[in-house]
1. I want to check the label-to-label distance for Gln158 and Ser56. Put each point 7 Å from Cα in the C-beta direction and report it in nm to one decimal.
2. By counting other Cβ atoms within 10 Å of each Cβ, how are Thr162, Thr53 ranked from fewest to most?
3. I need the phi-derived Karplus couplings for region 150-158: 6.51 cos²θ - 1.76 cosθ + 1.60, θ = phi - 60°, integer Hz, Gly and Pro marked x.
4. Which GluC sites (Glu not before Pro) does region 97-135 hold that lie in a coil by DSSP with at most 16 other beta carbons within 10 Å?
5. Would you please give the residues with an amide H less than 5 Å from that of His87, counting only those at least 5 places away or on a separate chain, with H modeled from the backbone geometry?
6. Report D for region 42-114 in µm² per second (integer): Stokes-Einstein, Kirkwood Rh on Cα pairs, 10 °C, 1.306 mPa s.
Amino acid sequence: MPFPRRLLNDYETVVLDLHPHWWYFGPSGAAVLAAMFVTSFVRAQIGSGGFETAVSYLGLAAIVVSAAWLCVQVIKWRTTYFVVTSHRLIYREGVVARNGVEIPLERLNNVNFNQSIVERLLGVGDVLIESAGREGQQAFTDISQPEKVQNIIHQAIQNLATGNTGIVSGFAGVADELERLEGLRDRGTLTEAEFREQKRRLLE
């Protein structure tokens with residue numbers, strides 16, 4: 001689900017539109033698998049009898065609870081956005097009670113990323129933002145390819161400073177940039193007309 005266009009200003013173009021990385025589902029997905037495995041293992045060990053029935057009910061309850069947690073995480077994932085436009089960085093999350101952060105690009109002082117060894121293998125990490133008027137760093141977790149995201153934000157800041165806000169080339173090479181634009185179009189973030197216009201500017 002793309003970021004709602006009604007929340008953008010008329011002069012803004014979307015540079016990056018991300019939901020959290022699939023690792024976001026790690027804890028809840030692991031809980032479902034663990035509940036299923038433990039229930040099956042214990043039932044196999046104790047055999048038949050009244051105690052097996054009790055274990056089955058407890059295991060079923062654990063599976064239902066963990067599955068409900070996973071469903072909630074899926075809904076939260078669909079309503080969590082990390083968006084970079086030509087003028088600002090936007091982060092929104094929540095289903096009923098919502099909260100968000102909007103930082104103008106000109107107020108960004110520093111953009112860093114952090115990855116553990118496992119996160120680097122998975123292609124996920126944290127993006128750390130320092131901005132004017134905020135104390136310390138603000139961390140955005142479960143970001144896909146955080147190093148590339150850092151490059152895109154830096155390029156967006158540079159383009160805003162030079163007045164070139166029509167297109168941002170954060171990935172190396174025209175082919176990668178075209179792939180990024182196609183992804184935005186396929187998600188519905190860019191219309192077909194906007195895609196063709198940005199593609200024309202890129203090729204020029």
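1. Between Gln158 and Ser56, the label points sit 6.5 nm apart.
2. Exposure proxy ranking, most exposed first: Thr162, Thr53.
3. After applying 6.51 cos²θ - 1.76 cosθ + 1.60, I find 4, 5, 5, 5, 4, 5, 5, 4, 5 Hz.
4. Glu135
5. Residues meeting the amide H criterion: Thr13.
6. 97
Readers should treat all values here as calculations from the given coordinates under stated rules, not as data from a laboratory. Since the model is a prediction, treat every value here as computed from it, not as a measurement. Please note: Cβ atoms are built from the backbone with ideal geometry, for glycine as well, and neighbour counts cover all protein chains shown.
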